[in-house]
Amino acid sequence: MKLKHWMIVVAVLAFVFGFGFLLLPMQMMALYALSSNEVVLHMNRMFGAALLGMAAMAWLARDVPESKPLRAIVLAIFTYFTLGSISILVFGLQGIANVMVWFSLGFHLPIAIAFGYYFFARREMASP
């Protein structure tokens, strides 16, 4: 799949989950069978805002030609999805949440791999 398509996937997922965590943090927590308090709700809203920022970045970068700025964006997305995958895996293995945690890993991990490929392996993206 082309980088442009991966950018669109990231933009759409980040937009949907970003709005969910920003506007409906309690309902988003309930999807994972987790309880919440005011601090957690605030952190979920902050997470939602960050995801909306990522959605905007990925959407606006989808047509950017290969360049140093695009390389930086690819690295940022790779970093988020890689660290997110590790965090989700640890969380899932603790058995605290329900099956939604594995659904989250199911889309974080392929995106991390794809952006890692574009950052580290693609000849065009690998050149400075």
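The values are calculated or read from the model by the stated rules, or taken from the named source; none is laboratory data. In this text, all values refer to a predicted model and were calculated from it rather than measured experimentally. As a convention, Cβ positions derive from the backbone with ideal geometry for all residues, glycine included, and neighbour counts pool all protein chains shown.
Miscellaneous remarks
- Top-ranked residue of the range 18-55 - restricted to ones that are in contact (Cβ under 8 Å) with a residue 40 or more places away in the chain and not aromatic (Phe, Trp, Tyr), ranked as surrounded by the fewest Cβ atoms within 10 Å (Cβ to Cβ): 33
- The test for being closer than 16 Å to residue 108 by Cα and part of a helix (DSSP H, G or I) holds for residue 5.
- Selected residue (only one of 78, 15 is among the aromatic types (Phe, Trp, Tyr), surrounded by 15 or more Cβ atoms within 10 Å (Cβ to Cβ) and under 16 Å from residue 119 (Cα atoms)): 78
- Taking the listed residues 76, 49, 72, the one that is within 18 Å of residue 10 (Cα to Cα), touching a Leu at 6+ places or on another chain (Cβ under 7 Å), aliphatic (A, V, I, L, M) and at pLDDT 95 or above is 49, with no other qualifying.
- Members of the range 28-48 that are closer than 19 Å to residue 88 by Cα and part of a helix (DSSP H, G or I): 28, 29, 30, 31, 40, 41, 43, 44, 45, 46, 47, 48
- Within the range 58-92, the set of residues being assigned to a helix (DSSP H, G or I), in contact (Cβ under 8 Å) with a residue 40 or more places away in the chain and over 18 Å from residue 105 (Cβ atoms) comprises 58, 59, 61, 68, 70, 71, 74, 75.
- Scanning the range 1-42 for residues that are more than 16 Å from the chain's Cα centre (by Cα), within 26 Å of residue 75 (Cβ to Cβ) and among the aliphatic types (A, V, I, L, M) yields one hit, 1.
- Beta carbons closer than 7 Å, at least 6 apart along the sequence or on distinct chains, pair a first residue in the range 93-106 that is more than 18 Å from residue 36 (Cα to Cα) with a second that is surrounded by 13 or more Cβ atoms within 10 Å (Cβ to Cβ) for 102/92; 104/88; 105/85; 105/88; 105/89; 105/92.
- Every residue from the range 101-125 that is farther than 30 Å from residue 68 by Cβ, of a type in the set (A, V, I, L, M, F, W, C) and crowded, with 17+ Cβ neighbours inside 10 Å: 101, 105
- Within the range 82-96, the residues that satisfy the criterion of being of a type in the set (Ser, Thr, Tyr) and buried (at least 17 other Cβ atoms within 10 Å of the Cβ) are 82, 85.
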